[in-house]
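Handing you a structure now.
The values are calculated or read from the model by the stated rules, or taken from the named source; none is laboratory data. These numbers come from a predicted model, not from an experiment. Here Cβ is always computed from backbone atoms with ideal geometry, including for glycine, and neighbour counts include all displayed protein chains. Heavy atoms of the whole protein, side chains included, go into the accessibility calculation; ligands, DNA and RNA do not. Shrake-Rupley method; radii C 1.70, N 1.55, O 1.52, S 1.80 Å.
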Amino acid sequence: MTAPETESLRVPTPRRPPVLRGQASVVAVVAIGGAIGATARYALSLWWPLQPGGFPWATFWTNVVGCAVIGVFMVVITDVWAAHRLVRPFFGTGVLGGFTTFSTYAVDIRRLVDSGHPGTGLAYLAATLLAALTAVWLAATATRRVLKRRQP
C-alpha cells in the first residue's frame, strides 16, 4: 500500500477540548469575587483585632454574617431571580467564599488551645458552628417568608 492509502485507513483520534474551555469566565469571576471577599474580611480583622487569649469576634461575626447573606442569596437566586450564570460563582463562591473563613476559624481554635485557653477555644468552636448554621437557616426562612408575603 502507498502512503495515501494507509492514511485513509487510520481512524482519526478526536481532539480533547482544552480543560478550561468555557470555564475561564467562571474561574475569573470566582477569583475576582474571592479577592473582594478576602479583602473585606482582612479589613474587618484590622478594624477589630484579635486580643491574645480573647474570643475571636471578628472571625466569628464574619462567618455568621457570611452564612446569613448566603442564606438570603441562595433563596433569591433559586426562587426569585433567574440570575446570569456567573452571578452564583462570583458572589456565592467568590465573594462569600473569600469573606467567610474556615481556615482562620481552625487556626483561632488551635491558637486559643495552645495558649492555655481551651475553654474559650471550645466555646468558640461550638458558638461559631451553632451561630453560622442558625444564621443561614433563619436568613433563608425569613427571606422566603418576606417573598411569599410580597406575592399577589
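Out of the helices (runs of 4 or more DSSP H) lying entirely within the range 1-95, which hold 2 or more residues that are farther than 30 Å from K148 by Cβ and modelled with pLDDT of 90 or more? Give the derivation first.
Working: elements: 3-9, 24-47, 57-75.
It comes to 24-47, 57-75.
Please count how many residues of the range 112-132 are open to solvent by less than 80 Å² (accessible area, probe 1.4 Å) and part of a helix (DSSP H, G or I). If you could, list the steps in order and put the result at the bottom.
Going residue by residue through the range 112-132, those that are open to solvent by less than 80 Å² (accessible area, probe 1.4 Å) are 112-113, 115-121, 123-128, 131-132.
From what's left, part of a helix (DSSP H, G or I): 112-113, 118-121, 123-128, 131-132.
Residues flagged as open to solvent by less than 80 Å² (accessible area, probe 1.4 Å) and part of a helix (DSSP H, G or I) within the range 112-132 amount to 14.
I would also like to ask the following. Which numbered condition in (1) open to solvent by less than 70 Å² (accessible area, probe 1.4 Å); (2) out of contact with any Cys (no Cβ under 8 Å at 6 or more places or on another chain); (3) within 29 Å of Q151 (Cα to Cα) is the only one that A135 fails?
Answer for A135: the failing condition is (2).
For the range 19-38, how many residues meet the condition of being in contact (Cβ under 8 Å) with a residue 24 or more places away in the chain and either under 17 Å from the mean Cα position of the chain (by Cα) or open to solvent by 90 Å² or more (accessible area, probe 1.4 Å) (or both)? Break it down stepwise before answering.
Step one: list which residues in the range 19-38 are in contact (Cβ under 8 Å) with a residue 24 or more places away in the chain, which gives 25-26, 29-38.
Checking the rest, the ones that are also either under 17 Å from the mean Cα position of the chain (by Cα) or open to solvent by 90 Å² or more (accessible area, probe 1.4 Å) (or both) come to 26, 29-38.
Total satisfying the criteria: 11.
Also, quick follow-up: Would a scan of the range 142-152 turn up a residue that is in a helix (DSSP H, G or I), open to solvent by 70 Å² or more (accessible area, probe 1.4 Å) and among the polar types (S, T, N, Q)? Write out each step before concluding.
Taking the range 142-152 and keeping what is in a helix (DSSP H, G or I), we get 142-150.
So of that shortlist, the ones also open to solvent by 70 Å² or more (accessible area, probe 1.4 Å) come out as 144-146, 148-150.
Then keep just the ones that are among the polar types (S, T, N, Q); that gives none.
Checking the range 142-152: not a single residue is in a helix (DSSP H, G or I), open to solvent by 70 Å² or more (accessible area, probe 1.4 Å) and among the polar types (S, T, N, Q).
Need pairs with beta-carbon distance below 9 Å; first residue within 12 Å of F60 (Cα to Cα) and in contact (Cβ under 8 Å) with a residue 24 or more places away in the chain and within the range 114-140, second of a type in the set (S, T, Y) and buried (at least 19 other Cβ atoms within 10 Å of the Cβ); sequence gap 6+ or separate chains.
If the second residue must be of a type in the set (S, T, Y) and buried (at least 19 other Cβ atoms within 10 Å of the Cβ), the pairs left are Y124/T59; Y124/Y105; T128/T59; T128/Y105; A132/T100.
Also, I was wondering about something else. Do the conditions hold for T78, that is, is it crowded, with 20+ Cβ neighbours inside 10 Å and either among the hydroxyl-bearing types (S, T, Y) or more than 14 Å from the chain's Cα centre (by Cα) (or both)? Steps first, answer last, please.
Numbers: crowded, with 20+ Cβ neighbours inside 10 Å: no; either among the hydroxyl-bearing types (S, T, Y) or more than 14 Å from the chain's Cα centre (by Cα) (or both): yes.
In short, no.
Would you confirm whether any residue within the range 106-128 is under 21 Å from the mean Cα position of the chain (by Cα) and among the polar types (S, T, N, Q)? I'd like the intermediate steps shown before the answer.
Taking the range 106-128 and keeping what is under 21 Å from the mean Cα position of the chain (by Cα), we get 106-109, 124-128.
Adding the requirement that they be among the polar types (S, T, N, Q) leaves 128.
Yes, the range 106-128 contains at least one residue that is under 21 Å from the mean Cα position of the chain (by Cα) and among the polar types (S, T, N, Q).
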